[in-house]
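Read through the structure below, which is laid out as structure tokens, and then see the notes.
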There are 4 protein chains.
Amino acid sequence: MKFQPADPDFASRVRASFARQGAMKLIGAELATVEPGHVVIELPYRADLTQQHGFVHGGMTAMIADSAAGYAAFTLFPADSSILTVEFKINLVAPADGERLVASARVKKTGRTLTICEFEVAAVKHGRSTVCALGLQTLIHLAGRPDTPEMRPAGRGVQGG
Amino acid sequence: MKFQPADPDFASRVRASFARQGAMKLIGAELATVEPGHVVIELPYRADLTQQHGFVHGGMTAMIADSAAGYAAFTLFPADSSILTVEFKINLVAPADGERLVASARVKKTGRTLTICEFEVAAVKHGRSTVCALGLQTLIHLAGRPDTPEMRPAGRGVQGG
Amino acid sequence: MKFQPADPDFASRVRASFARQGAMKLIGAELATVEPGHVVIELPYRADLTQQHGFVHGGMTAMIADSAAGYAAFTLFPADSSILTVEFKINLVAPADGERLVASARVKKTGRTLTICEFEVAAVKHGRSTVCALGLQTLIHLAGRPDTPEMRPAGRGVQGG
Amino acid sequence: MKFQPADPDFASRVRASFARQGAMKLIGAELATVEPGHVVIELPYRADLTQQHGFVHGGMTAMIADSAAGYAAFTLFPADSSILTVEFKINLVAPADGERLVASARVKKTGRTLTICEFEVAAVKHGRSTVCALGLQTLIHLAGRPDTPEMRPAGRGVQGG
């Protein structure tokens, strides 16, 4: 699908917002690709990201997928708007076993209020990529609410304001 | 629902496994309750757990919910078994705004192969608790595979071994 | 949770809308309970509702759960509004084996735009009830669009209008 | 993805099973495509399949998607096995407005126990196709249990037997 971003400056807006996410910094996630309707986030392996078997925790996989989908939606909206995750569903289909995880999200449908993204996370090991997670995410667009630290959303789309 | 754990020592087994999760340590999550079919994990607020608006990242919320559900299922199985997440779905229904998040998971149905848990995450602010996430999770039971670092699952339930 | 419906006439509005659903009539579903934030739909067993093993088809289970959740949300909104399903997730946890299915849905969170419901479907056999499905559903509220056959929504919440 | 079916006779096995589904007959669904790991089911519009606004009911959309995903998984397994739906998640992204719905499901990952499918449902109107639903489904494989009416599964994968 081809998308026309409402804000030509979308990429720097996404990068600035990503840089404000303490969580992404904590886990060492990197913004790899920012295109209209498509964002890729990478997560290099670290021992402190793992679950009890030594693989990257499923919650880490979900976290980078959630961020990638949110920013994929964010690329398409005007400069004065915010995006919040309504819900997502993730299937963990293989162990997150590799030197890095690559979460790729794409907008599948966008509307005035809601946007639907799909995502896929792959584990890259010795140069070979294996899909380890698949998912679908619903996001809500808050018009007229710039994505800044000062913003205090009245809710993640369910409480209005 | 009342559950009878197969292993009387289930609580120490859960605590030992939780302690091996680098991810839980990194984010500062604490195991608060371990009962048959029911586990609670708490996450005190830290600035490095946040998304771009200053609330705790939805992926953090998902991560503690995922772990709580996994361990809720784990309480019911024999000592020589492992549990892996097949998939989960989470609705983020309010901002994770508070001094701490409390993820509570309960087993709803358990079988020879699969277990279904539901979870709820609340944000506690000035002593008042607000539900910020709801979800459902499917887990798979791997019999005869102790939950140790040496374990190398051939997959998260989809590849067998 | 206690809810205050915006329209005192909510029950007759729900019953009239249900009566317009050709699908509910085709499968023989009945509206059993209509309370603020809570709706129950029942489906008596018929051989023409089954899958290949002779149990009621999982899609039938999903259909009555979807309708029950939609109407649970609908009870809380003004007379001039509509509700559309954004998405749902359902776990089929036991065969739908019984003389009737009972789908019970409850509103868990409601906001200006979105409402989240949870549902449970039980199969009743020889007077004994067994949970056969669990789920979570997201719905969108369209203000100022009465729920009538003339209404032509531009979309199920993702396209606006 | 390319798949090698375990049973060369998979297509006739799928068609025979589909023919035993009372539910598919009731709603008028047709099996359009049966390939290894890929099944398409079509549903011509009928007034008795609709919800209150005159569009095909979301539960109908879910029902054909569920069946398509189940049979997509079923194509890959030996003749003496059954497939049951564990769970699915569906986003209804546009009204099911058209002369027919087309549900297309593909296997994304298959293992000894679980199979993950994705599906997409389109509404075809005046020859133009619009995606109206997207989803992900988890299925469980029951080895050594032929898919016949005599089969009485102890459960949909969560109770074992």
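The values are calculated or read from the model by the stated rules, or taken from the named source; none is laboratory data. Everything numeric here is computed off the predicted structure, so don't read it as measured data. We place every Cβ from the backbone using ideal geometry, glycine too, and count neighbours over all the protein chains shown. Please note that ligands, DNA and RNA were not included when accessible areas were found on the heavy atoms of the full protein model with its side chains. Shrake-Rupley method; radii C 1.70, N 1.55, O 1.52, S 1.80 Å.
Distant-in-sequence amide contacts of B:THR50, defined by a placed amide H-H separation under 5 Å and a gap of 5 or more residues or a different chain, comprise A:GLY22, A:ALA23, B:HIS57. Averaging the sequence gap over all C-alpha pairs within less than 8 Å and six or more residues apart, then dividing by the number of residues, gives the stretch C:1-157 a relative contact order of 23 percent. Based on the convex hull around the alpha carbon atoms, chain D presents an average projected area of 9.3 nm². Sorted shortest first, the separations between the B:GLY127 label point and its copies elsewhere in the assembly read 4.9, 6.3, 7.1 nm; each point sits 7 Å from Cα along the Cα-to-Cβ line. Determine the alpha carbon to alpha carbon distance for each of B:LYS89/C:LYS108; A:LYS108/D:LYS89; A:LYS89/D:LYS25; C:LYS2/C:LYS109 and list only those over 19 Å. Beyond 19 Å: A:LYS89/D:LYS25.
Spacing of the modelled spin labels on B:GLU99 and A:ALA79, each 7 Å from Cα toward Cβ, amounts to 4.1 nm. Once both labels are positioned 7 Å from their Cα atoms along Cα-to-Cβ, the gap between D:HIS126 and B:ALA6 label points is 6.0 nm. Placing +1 on the Cβ of every Lys and Arg and -1 on the Cβ of every Asp and Glu, with no other charges, gives chain C a dipole of roughly 200 debye about its Cα centre. For B:ALA79, the label point sits 7 Å beyond Cα toward Cβ; its separations from the matching points on the remaining copies run 4.6, 6.5, 6.8 nm, from shortest to longest. The contact residues of the stretch A:99-123, meaning those that lose at least 50 Å² of 1.4 Å-probe accessible area when all protein chains sit together rather than their chain alone, are A:LYS109, A:ARG112, A:LEU114, A:ILE116. Counting only protein heavy atoms and a 1.4 Å probe, the stretch C:21-120 has 24 square angstrom of accessible area per residue. When a 1.4 Å probe is rolled over the protein heavy atoms, the share of accessible surface on the stretch B:4-137 that falls to carbon and sulfur comes to 51 percent. Summed over both chains, the contact between A and B buries some 3900 Å² of accessible surface at a probe radius of 1.4 Å.
The same position C:GLN4 in the other copies lies at 4.6, 4.9, 6.7 nm from this copy, comparing label points 7 Å beyond Cα toward the beta-carbon, shortest first. Inter-chain Cβ neighbour count for C:40-49, averaged per residue, equals 2 (cutoff 10 Å, partner chain atoms only).
Chain A residue nearest the rotation axis toward D, with distance: A:LYS89, 2 (Cβ to axis, whole Å).
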